[in-house]
Amino acid sequence: MKVIDIRNVHKVYDETKIAVRAVDGVTLNFAEAEFAAIVGPSGSGKTTLLNLIGGLDIPTSGDIFIDGTNLSKLKSSELIDFRLNNIGFVFQSYNLIPVLTAKENVEFIMSLQKWPKVERDKRTMELLAAIGLNDRVNSRPSQMSGGQQQRVAVARALASRPKFVLADEPTANLDSKSAATLLEIMEKLNHEEKITFIFSTHDARVVKMAHRVITLEDGKVVSDEVRE
Amino acid sequence: MHEVMIWSISWKNVWRNKIRSLVVIIAVTLGIICGVLLVAIMEGWTEQRLHDAIYNEVSHIQIHNADYLKNEEILLTVKDTSQMIRSIEQIPGLNGWVKRTRMIAMANTPWANTGIIIYGIDPEKEKKITEIYKKIVPGGGEYLNKQKSGNILIGDKTAELLKLKQYIVTQEVLDKLKAENIPDDIILILGKLKDTRFRSPKEFREALKSELNTKELNTYGNKILENALDYRIKNKVQITLSDISGNPVQGTFRVGGIYKTTNGGFDQAAVFVNSIELEDLYGGSTVLVHEIAVLLNDIENVDSVKEKLTGISTGNTISTWKELAPDAAMMNDYMIMYYFLFIGIVLFALAFGIINTMMMTILERTKELGMLMAIGMNRRRVFSMIMLETIFLTMVGAVAGMLSGWLIVEALGKSGIHFSSWGEGFEAIGFAARVYPVITPSFFLIIIVMVVFTAVVSSVWPARKALKLIPVEALRTE
C-alpha cells in the first residue's frame, strides 16, 4: 500500500533569474514500514525532496499524495495540521525544545494532538524505554549528549504514530558510536511500529542499513535500489 | 488541559535569558511601585479632603434661604425653619442637624484686622455634626462651651492674621528643646533671641535664618517653631458686623480656642461664637437661622434626601456637599480616571521595553519557532505562546510592583508623608500637609487588567513577526 506517491515533481528556485532545478521530475512512491535512504552528493536535492514530501515546501509542478491527500492543494494552515497528524520530523541539529525535559519533548506533539494524559504518559515512557533513555526522563537537552538528544528527537517524531518519519541527515552531527546506536534504534522502531522511515544522508553506515536506497543527482533519481 | 504545555513552555521561556527578563521585570516593578504610590497619595488626599470637607466644613446637606446665597443679608433667614426641621427629623438614616447664624464681619486686634465669617452656633449640638471641637491646637485653649463665656473660637490662620499667633523663646522653651536633644550650641544661639516676641511665623523664621545656617534650620527649625509658638489665648478680639437694622455694631470676645483644620482657607474665614451671644450683638428677639446643616449616616443617600427636601420647601435652596465643596466632589468623581491615567502613562512607557525584549527573543529563537511550526504547531498556538510569554514577563513585574507598592503604602499609611516644604501651599487649597496614602483592592484589579492589556498589545508585533516566519527558511538559520 502506497503511503507516499510522488508524481513528476519539480522544484525550481529563482525562476526569473538563473533557474536552479533542485528537484527535477522526480517520481517515487513509498510503502508502509519502508526504511529508505535518499543519498547523493551535496546539492543533489535530497533535503529539498524531503522538505517537499514533508509539506514544508511546495513543488513548482507535480503532485505529492500522502495517503491520497494532495499536499499542493492544502492551504498553509491545513498543511500545518496535516504535518502534525501525519508526519514525524528528525532534524540534523536535533532541534529539541530547550526548556522542556526529555519526557516533555517526547510528549509535546501528543499534547498538541490533545491525547489524554494517561495515554500520553504511557506512550512517552514506552518510547523513552525503547531509546534507552528512561533514566534521563527529567533531563533537559542541555544536560544530554548529542546522541541522546537525537534519540529523544526520534522518539518525539514517532510519539504520535505518524504515517512516516522524515529524517534529514540524522547522524551528521554524531560520533560513530552514537550514530550506530541511533540507527539500531531507528531500525528497531521501524520494525516494531511499522512506520515508514525516509532519511537523507551522506553517511555510509546509514546507507548500509537502509532497505531501499534512492540516489539523486542534480535533482533527478538516478537509481532506486531495493535490498532484501 | 492540553494547552497547559503551551503555558508551561511560555513560563519557562521567560527564564531562558534571566538577566534580560529581570531587566524588564525590574522596570515593570519600579513603574508599578511609582504608580501605586502616586495613586495611593492621591487617594489619601481625596479621602482626607472628602472627610474634612464634610465633617469640618459643609456636612452632607445645607439649607439656606434661596436669596441669601445671592446676597448674604442678615434678614434672609431659612424660610419656615420649624417646618424644615420637622421634615429633616423624619429623614430615614439621619445622623444629626444643626442650625447656625452666619454673618460677614470684621475682626480686629490692636495689631491687625481681617474679614471673617462669624457663625453663631450651639456648641454641644455642633459637636454631633462637625469635628471642629477635635481640631483645637496644642496650647490653643479650648472649644466653646454652653455658657455665655464671651469666648470666640478662631482658626489658626485667623490667629496668624490677627497676630495672635506669636513666637517667643523663653527659658522654659530652651529647657524643653534641650530635653528634646537639640545640641547645646543651637540652644546657645537661640539664647540670643530669648524673650523677644515675634508676631508672625515669618518674622520668627527670618530671625532664625539670621542666626542658624541652612542645615541647622532644616534639621531643627520645625522643632524650634513648635516649641516657641505662643497663642495669645484670652486676648480680646473686636468684631464689627451689621445689626438687624443694617447699622454697624461692635462687640468684644476673648479668644477661647484656636482650631486648625487641613483647609487654610476655611481656617482663615470661619470663626465661631455661641449663637445667643451673637444674637446679643446683632439685636432682635430671636436667634436668626441662616443655615441648617444636615449629616446623614450614608453619603449615598444625599441626592434622594435633597430631592425630598426640595419637594417640601419653598424659597429655600437645598445644597449637597458636592455643590458646596465642588473641589472634593470632583476629586472623588474623577479618581478612577486618575488611576487609569497614571498607570496608563507608566505602562505606555514600559510597553516599548517589553516590545523590544520580545522582538529580541523572536530573533534569537527563529530556528526554534521554525521547528515548532514544522512539526505542527499552528499559528494560533504560536501566537498564544508569545502572548503568554509577554503576559508572564509583565505580570511577574506587576505582581512584584503591586506587592512592594502595597507594603510601602501600608508602612507610609501609618506614619503618613509630611510635605513640610509645601505644607502651607497644600493647606491653602484644603489638602493636609501630612498625607496618609491608602490603596483600595479595586485599584489592584485595575492594574491587573491594564497590565494584561498592555502585555497583549505589546505581544502583537513580536507575535506577528513570528507568524511571518516560513518554517523551511527559519530552520536554515543558525
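Quick test of your reading of the structure: B:Ala455 fulfils all but one of (1) exposed (fewer than 13 other Cβ atoms within 10 Å of the Cβ); (2) away from every other protein chain (no Cβ under 14 Å); (3) more than 30 Å from B:Glu47 (Cβ to Cβ). Name the failing condition by number.
Checking B:Ala455 against (1) exposed (fewer than 13 other Cβ atoms within 10 Å of the Cβ); (2) away from every other protein chain (no Cβ under 14 Å); (3) more than 30 Å from B:Glu47 (Cβ to Cβ), the one that fails is (1).
Each row is one residue, and each column tells you yes or no for (1) surrounded by fewer than 13 Cβ atoms within 10 Å (Cβ to Cβ); (2) at pLDDT 95 or above; (3) of a type in the set (Phe, Trp, Tyr).
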site: B:Ile258; (1), (2), (3): no, yes, no
site: B:Val271; (1), (2), (3): no, yes, no
site: B:Tyr282; (1), (2), (3): no, no, yes
site: B:His290; (1), (2), (3): no, yes, no
site: B:Lys306; (1), (2), (3): no, no, no
site: B:Ala328; (1), (2), (3): no, no, no
site: B:Met331; (1), (2), (3): no, no, no
site: B:Phe352; (1), (2), (3): yes, no, yes
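Looking only at the range B:331-385, how many residues end up being away from every other protein chain (no Cβ under 14 Å) and not polar (S, T, N, Q)? First the steps, then the outcome.
Here is the first cut: in the range B:331-385, the ones away from every other protein chain (no Cβ under 14 Å) are B:331-360, B:362-363.
With not polar (S, T, N, Q) added as a condition, the list becomes B:331, B:333-355, B:358-360, B:362-363.
Total meeting the criteria: 29.
Residues in the range B:1-30 that are away from chain A (no Cβ under 14 Å) and buried (at least 21 other Cβ atoms within 10 Å of the Cβ): how many?
The initial filter retains those residues of the range B:1-30 that are away from chain A (no Cβ under 14 Å), namely B:19-20, B:22-30.
Subset that is buried (at least 21 other Cβ atoms within 10 Å of the Cβ): B:24-25, B:28-29.
Adding up the residues that qualify gives 4.
So how many residues does the range A:173-228 have that are among the small types (Gly, Ala, Ser) and under 19 Å from A:Tyr94 (Cβ atoms)? Before you say what the answer is, go through the steps one by one.
Within the range A:173-228, the subset among the small types (Gly, Ala, Ser) is A:176, A:178-180, A:200, A:204, A:210, A:219, A:223.
In the following step, the residues that additionally are under 19 Å from A:Tyr94 (Cβ atoms) were identified as A:176, A:178-180, A:200.
Qualifying residue count, the range A:173-228: 5.
For the range A:155-170, does any single residue satisfy the condition of being of a type outside the set (Ser, Thr, Tyr), more than 25 Å from B:Trp11 (Cα to Cα) and in a helix (DSSP H, G or I)? Lay out the reasoning, then the answer.
Of the residues in the range A:155-170, the ones of a type outside the set (Ser, Thr, Tyr) are A:155-159, A:161-170.
Subsequent filtering for residues that are more than 25 Å from B:Trp11 (Cα to Cα) retains A:158, A:161-170.
Filter once more, so that each one left must be in a helix (DSSP H, G or I): A:158.
There is at least one residue in the range A:155-170 that is of a type outside the set (Ser, Thr, Tyr), more than 25 Å from B:Trp11 (Cα to Cα) and in a helix (DSSP H, G or I).
Cβ-Cβ under 6 Å, sequence separation 6+ or interchain: first residue in the range A:86-107 and closer than 17 Å to A:Asn134 by Cβ, partner among the polar types (S, T, N, Q) and surrounded by fewer than 21 Cβ atoms within 10 Å (Cβ to Cβ). Which pairs?
If the second residue must be among the polar types (S, T, N, Q) and surrounded by fewer than 21 Cβ atoms within 10 Å (Cβ to Cβ), the pairs left are A:Thr101/A:Asn138; A:Ala102/A:Ser139.
Taking the range A:70-85 only, how many residues are more than 10 Å from every other protein chain (Cβ to nearest Cβ) and touching a residue at least 12 places away in the same chain (Cβ under 8 Å)?
3
Give A:Lys122, A:Lys114 a once-over and let me know the one that is free of Cβ contacts under 8 Å to residues at least 12 places away in the same chain and assigned to a loop (DSSP other than H, G, I, E, B).
Values: A:Lys122 fails: assigned to a loop (DSSP other than H, G, I, E, B).
Within the list A:Lys122, A:Lys114, the selection yields A:Lys114.
Out of B:Glu478, B:Glu473, B:Glu424, which single residue is away from chain A (no Cβ under 14 Å) and surrounded by fewer than 19 Cβ atoms within 10 Å (Cβ to Cβ)? Full working, then the answer.
Values: B:Glu478 fails: away from chain A (no Cβ under 14 Å); B:Glu473 fails: away from chain A (no Cβ under 14 Å).
From the options B:Glu478, B:Glu473, B:Glu424, the qualifying one is B:Glu424.
The values are calculated or read from the model by the stated rules, or taken from the named source; none is laboratory data. Treat the numbers as computed from the prediction; the structure is a model and nothing was measured. Positions of Cβ are backbone-derived with ideal geometry, glycine not excepted, and every protein chain shown enters the neighbour counts.
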